[in-house]
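Student: Below are the structure tokens for one structure; questions will follow.
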Amino acid sequence: MNNPVLEANKLCKTFGSLVAVQDVSIDIYKEEIHAVIGPNGAGKSTLISQICGSLSSDKGSVFLLGKDITNLPTEKRASLGIGRTFQISALSKEDTVLENAILGSVGASGKHWKFFNPVLKNSILRDEAEYCLEIVGLKDLINLKTATLSHGQLRLLEVAVALTLKPKVFIMDEPMAGLGSDGTKQLTEFLDKLRERAPILLVEHDMDAVFALANRITVLDYGRIIASDKASSIKKDPEVQKAYLGEG
Amino acid sequence: MIKESHLNIFVLGLLIFVPFFAYWNDQPFTITLMTRAVIFAIAAVGLNLALGIGGFISFGHAAFFGLGGYVMGILAWHSQNYVTLVEWPILIEGTKSMPIIWIITIAASAFLAAIIGMISLKTTGVYFIMITLAFAQMMYYFSTSWSAYGGEDGLSIYVRNNFPGLNTLDPIQFFSICCVILLIVLFFMGRLIKSPFGLALNASRQSRQRIEAVGFDFHKLQLTAFILSGAITGLSGALFADLNRFVSPSMFSWQLSGEFIVFIIIGGVGRLFGPVIGALIFVWLEHLIGGISDYWHIFLGFILLAIVLFGKGGIIGLLSREDAQHE
Ligand SMILES: Nc1ncnc2c1ncn2[C@@H]1O[C@H](COP(=O)(O)OP(=O)(O)O)[C@@H](O)[C@H]1O
Ligand SMILES: [Mg+2]
């Protein structure tokens, strides 16, 4: 098989005496969805922050397309191709939907130090942003203030902004959280297609969505990996069933 | 409700009309008052970039205002007293030329802002407020003890500095210079707010995580904004000293830093014309009520309270609905 797009080796993170992540290794290959599941407080969000660079790791390393990014700051990792969505939406709430998306296009273009020409009149950046909003189905809302969007629409906007980055890998922290069943179904269908653009590291609580989407699943508990395998095998694992899937 | 852009045009009209009306009616004092308002407006437009768009509340912008004043004062003092400024390694003379003074002021203020910014932008919130205040206070005490340039008494300049082709001692001509500078600053600020940099700075105030997740260097963004902000406020300081033909440590005072913030709050935080409206209202209130009562700051306090209670949009927020985002 070819090389992984993203590879994390033996990541560790402690907060004081609390071991949040311990020796976690995980990799993601082209066109796959690798899900990370586990109970609340298992260390999933911490792991994501370590991979994305918003938390430094005590130990371990992260490679993106074979390049060591362990010591790079978040923004460098983002421009090298990590597209993250947040568990709690991190958007410019006072700005319009389009402005949020176009911020991603500007970020990805690398042309951050332009002080004079109006960004919304830049047709290249604008087309890209509108295209990504169209993909997630927010095209009709581009001029709305972001604060007026519903929870589900905010989740979609998070994904749209990540899309504008044209990332090499998507890293999504509970994108379905708080979506109704319709919303979850739509987003599930959407992510299913999205993996063709770039593979996805998916942290998710909704088990139906996880089993519908994931090629592989890693189970975390108290910061450690207790199982990591193909989705079909994980589904059958009696240990996992008992502890986390409530189907024992 | 009126459109914000219409309100802006109205304010600009007023800003230009009143001094010329006063000129025709031979009321030089009104012209001077308006010049003061325009200069304060420039200072606060500069601060608004950091405070309103970037969201970091500098309580020390008098550091740049005062620096601008002293750059002007020192250069002009050396020139009027025929004392060379620097003899070695190269000979530098003072100057009475406004454009040269402005360029040096902008460079010096930007440099000071880079130093203050690099240190204080490592902190946020109340700590940032206190550190910027501390820097301005340091400048204040330094200036009081620098006896070569007047110490606590400050420096007087006998004649206003020169601008090619104009008589700067004529109030309306000096007003015109300041007003044109304000217009230029507003023009560039208007462009900046809508530029990629402005968009990113605006977003950085709302979510640091977001800005980093799309690849921006948060610290560089803030530092750049702080430098631009300090440079603009510094320039206004040079104009202010020229208006008064006098510079003293009071230009570094924390009261002044606070007043700049007040202009922005009165007019509308983060609005292009917010500081302009705020400075105009402040200067006129100070003149009208200050003439009747020494306790005019109490009236100001009530006005501020009312504005803060009715929302953070300031006067602009009260009078105008937000302009729809046209392309
Ligand atoms: N910044 C932090 N400081 C201290 N403890 C933290 C911090 N972030 C997370 N933790 C702790 O680390 C553990 C893992 O948290 P987290 O990664 O958010 O779990 P999950 O996303 O799997 O629910 C939890 O016990 C949490 O309380
Ligand atoms: Mg979490």
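The values are calculated or read from the model by the stated rules, or taken from the named source; none is laboratory data. Being a predicted model, the structure only gives us computed values, none of them experimental. Every residue, glycine among them, receives a Cβ derived from its backbone with ideal geometry; neighbour counts consider all protein chains shown. Protein only, heavy atoms only, side chains kept; ligands, DNA and RNA dropped before computing areas. Shrake-Rupley method; radii C 1.70, N 1.55, O 1.52, S 1.80 Å.
Student: For segment B:140-197, report the translational diffusion coefficient in µm²/s to the nearest whole number, using Stokes-Einstein at 4 °C, 1.567 mPa s, and a Kirkwood Rh over Cα pairs. Present the calculation step by step, with values, prior to reporting the outcome.
Tutor: Values: Rh = 14.7 Å.
Estimated diffusion coefficient is 88 µm²/s.
Student: Based on the Cβ-Cβ distance from A:S123 to A:E94, what FRET efficiency comes out when R0 is 25 Å, to the nearest 0.05? Walk me through the numbers before you get to the answer.
Tutor: Values: r = 25 Å, r/R0 = 0.99.
For A:S123 and A:E94, the calculated efficiency is 0.50.
Student: Give the ranking of A:E196, A:E204, A:E31 by solvent-accessible surface, highest area first, calculated with a 1.4 Å probe.
Tutor: A:E196, A:E31, A:E204
Student: While we're on this one: Using 7 Å Cα-to-Cβ label points, what is the A:D140/B:I90 separation (nm, one decimal)?
Tutor: Between A:D140 and B:I90, the label points sit 6.5 nm apart.
Student: Same structure again: Given the protein chains as shown and a 1.4 Å probe, how many square angstrom of A:H112 are accessible, to the nearest 10?
Tutor: 20
Student: Quick check: pseudo-label points 7 Å beyond the Cα along Cα→Cβ at B:F142 and B:A107, how many nm apart are they?
Tutor: Here the answer is 1.8 nm between the modelled labels.
Student: Something else about it: For A:K59, enumerate residues with amide H under 5 Å from its amide H, sequence gap 5+ or separate chain, H modeled in the peptide plane.
Tutor: Correct list: A:C12.
Student: Let me ask something else about it. In vacuo Debye scattering of the protein assembly as shown, one point per C-alpha: log10 I(q)/I(0) at q = 0.06 Å⁻¹?
Tutor: -0.40
Student: Enter the Cα centre distance for the pair segment B:186-251 and segment B:284-317, rounded to the nearest angstrom.
Tutor: Going from one Cα centre to the other spans 26 Å.
Student: Filter the DSSP H helices in chain A by two things, a Kyte-Doolittle mean of at least -1.0 and an axial alpha-carbon span of 15 angstrom or more, and list the hits by number.
Tutor: Values: long enough: A:97-109 (19 Å, 1.13); A:123-136 (20 Å, 0.32); A:151-164 (20 Å, 0.81); A:181-194 (19 Å, -0.73).
Long hydrophobic helices here: A:97-109, A:123-136, A:151-164, A:181-194.
Student: For segment A:126-195, report the convex hull volume of the alpha-carbon atoms normalised per residue, in Å³, without decimals. Don't jump to the answer; show the numbers that get you there.
Tutor: Values: hull volume 6.3 nm³, N = 70.
In segment A:126-195, the Cα hull volume divided by residue count equals 90 Å³.
Student: As a check on your grasp of the helix formula, calculate [θ] at 222 nm for chain B: sum -39500 (n - 2.57) over DSSP H runs of n ≥ 4, divide by the residue count, round to the nearest 500. Please report the intermediate quantities before stating the final value.
Tutor: Details: 13 runs with 226 residues, N = 327.
Per the formula, -23500 deg cm²/dmol.
Student: Hey, another quick one. Along the charge dipole of segment A:88-179, pointing to its positive end and built from +1/-1 on Cβ of Lys, Arg, Asp and Glu, which listed residue (A:G178, A:N122, A:V97) has its Cα farthest out?
Tutor: Among A:G178, A:N122, A:V97, the one farthest towards the positive end of the dipole of segment A:88-179 is A:N122.
Student: While we're looking at this one, here's another question. Among A:G38, A:T188, A:G81, pick out the residue whose Cα is farthest towards the positive end of the charge dipole of chain A, where Lys and Arg carry +1 and Asp and Glu carry -1 on C-beta, about the Cα centre.
Tutor: Of the candidates, A:G81 comes out farthest on the positive side.
Student: Give me the net charge of B:Q222's neighbourhood, meaning all other residues with Cβ under 14 Å from the Cβ of B:Q222; Lys, Arg count +1, Asp, Glu -1.
Tutor: Combined, the nearby Lys, Arg, Asp and Glu give +1.
Student: Something else about it: Using a Gaussian network model of chain B whose springs link C-alpha atoms within less than 10 Å, name the residue from B:E286, B:E152, B:E212 with the highest mean-square fluctuation.
Tutor: B:E212
Student: While we're here: Just how large is the dipole of chain B about the Cα centre, in debye to the nearest 20, putting +1 at every Lys and Arg Cβ and -1 at every Asp and Glu Cβ?
Tutor: Working: 15 positive and 16 negative charges, 155 e Å.
That gives chain B a dipole magnitude of about 740 debye.
Student: Please identify the DSSP H helices in chain B that span no less than 24 Å along the helix axis (Cα) and have a mean Kyte-Doolittle hydropathy of 0.5 or more. Walk me through the numbers before you get to the answer.
Tutor: On the way: long enough: B:4-24 (30 Å, 1.45); B:28-48 (30 Å, 1.53); B:62-80 (26 Å, 0.94); B:98-120 (31 Å, 2.18); B:125-145 (31 Å, 1.14); B:171-194 (35 Å, 2.06); B:218-244 (39 Å, 0.95); B:274-292 (27 Å, 1.66).
What comes out of the filter, once short or polar helices are dropped, is B:4-24, B:28-48, B:62-80, B:98-120, B:125-145, B:171-194, B:218-244, B:274-292.
Student: Given the -39500 (n - 2.57) contribution per DSSP H run of 4+ residues, what per-residue ellipticity at 222 nm results for chain A, rounded to the nearest 500 deg cm²/dmol?
Tutor: Computed ellipticity for chain A at 222 nm equals -10000 deg cm²/dmol.
Student: Got a sec? Which residues of segment B:211-246 lose 50 Å² or more of accessible surface with every protein chain in place, vs. that chain alone, 1.4 Å probe?
Tutor: In segment B:211-246, residues shielded by partner chains: B:E212, B:A213, B:V214, B:G215, B:F216.
Student: How large is log10 of I(q)/I(0) for segment A:89-166 at q = 0.16, 0.19 Å⁻¹ when the intensity is taken from the Debye formula with one equal scatterer per alpha-carbon?
Tutor: The Debye formula, applied to the Cα set alone, gives -0.50, -0.70.
Student: Putting +1 on Lys and Arg Cβ atoms and -1 on Asp and Glu Cβ atoms, find which of A:M207, B:S58, B:G190 reaches farthest to the positive end of the dipole of the protein assembly as shown.
Tutor: Ranked along the dipole, the leading option is A:M207.
Student: Sorting A:Y29, A:Y131 by accessible area (1.4 Å probe), largest first, what list results?
Tutor: Numbers: A:Y29 45, A:Y131 120 Å².
Solvent-accessible surface, decreasing: A:Y131, A:Y29.
Student: Oh, and also: With every protein chain present, what accessible area does B:H61 have (1.4 Å probe, heavy atoms only), rounded to the nearest 10 Å²?
Tutor: Roughly 0 Å² of B:H61 is accessible to a 1.4 Å probe.
Student: Protein chains only, probe 1.4 Å: how do B:V71, B:V180 rank by accessible area, largest first? Spell out each step's value before the answer.
Tutor: Numbers: B:V71 20, B:V180 80 Å².
The most accessible residue leads, giving B:V180, B:V71.
Student: Check the straight Cα-Cα distances from A:K67 and name the lysines below 28 Å, setting aside those fewer than 8 residues away within the same chain.
Tutor: Qualifying lysines at Cα under 28 Å: A:K10, A:K13, A:K30, A:K44, A:K59, A:K76, A:K111, A:K166, A:K168, A:K193, A:K230, B:K220.
Student: In Å² (nearest 100), what accessible area is buried between A and B, both sides summed, heavy protein atoms only, 1.4 Å probe? Can you show the working numbers first?
Tutor: Values: alone 12830 and 16000 Å², together 25740 Å².
Chains A and B together bury approximately 3100 Å².
Student: Most mobile of B:F260, B:F17, B:F163 per a Gaussian network model of chain B (Cα springs, under 10 Å)?
Tutor: B:F17
Student: Tell me, what does the Kirkwood hydrodynamic radius of segment A:11-93 come to in angstroms if you use every pair of distinct C-alpha atoms? Present the calculation step by step, with values, prior to reporting the outcome.
Tutor: Values: mean 1/r = 0.0724 Å⁻¹.
Result for segment A:11-93 stands at 13.8 Å.
Student: Still on this structure, I have one more. Can you list the residues, at least 5 places off or on another chain, whose amide H is less than 5 Å from the amide H of A:L6, using H built in the peptide plane?
Tutor: Distant-sequence amide H within range of A:L6: A:I28, A:L65.
Student: Take chain B, drop everything but the C-alpha atoms, weight them equally and run the Debye formula without solvent; then report log10 I(q)/I(0) at 0.13 Å⁻¹ to two decimals.
Tutor: Log10 I(q)/I(0), no solvent term: -0.98.
Student: Additional query: Within the accessible area of segment A:153-248, what % is carbon and sulfur when the probe is 1.4 Å and the other protein chains stay in place?
Tutor: Roughly 46 percent of what the probe reaches on segment A:153-248 is carbon or sulfur.
Student: Related question: Please list 3J(HN,Hα) in residue order for segment A:15-20, calculated via the Karplus relation 6.51 cos²θ - 1.76 cosθ + 1.60 where θ = phi - 60°; whole Hz, with x for glycine and proline.
Tutor: Karplus-based 3J(HN,Hα) across segment A:15-20 equals 10, x, 9, 7, 8, 7 Hz.
Student: Calculate the dipole size of the protein assembly as shown relative to its Cα centre from +1 charges on Lys and Arg beta carbons and -1 charges on Asp and Glu beta carbons; express the result in debye to the nearest 20.
Tutor: I would put it at about 500 debye.
Student: When the dipole is taken about the Cα centre of segment A:89-166, and only Lys, Arg (+1) and Asp, Glu (-1) are charged at their Cβ, what size is it in debye, to the nearest 20?
Tutor: So the magnitude is around 180 debye.
Student: Among residues other than A:L149 whose Cβ falls under 10 Å from its Cβ, what is the net charge (Lys/Arg +1, Asp/Glu -1)?
Tutor: Computed value for this residue: +3.
Student: Follow-up. In whole percent, how big is the carbon plus sulfur part of the accessible area of segment B:63-204, probe 1.4 Å, protein atoms only?
Tutor: C and S fraction of accessible area: 71 percent.
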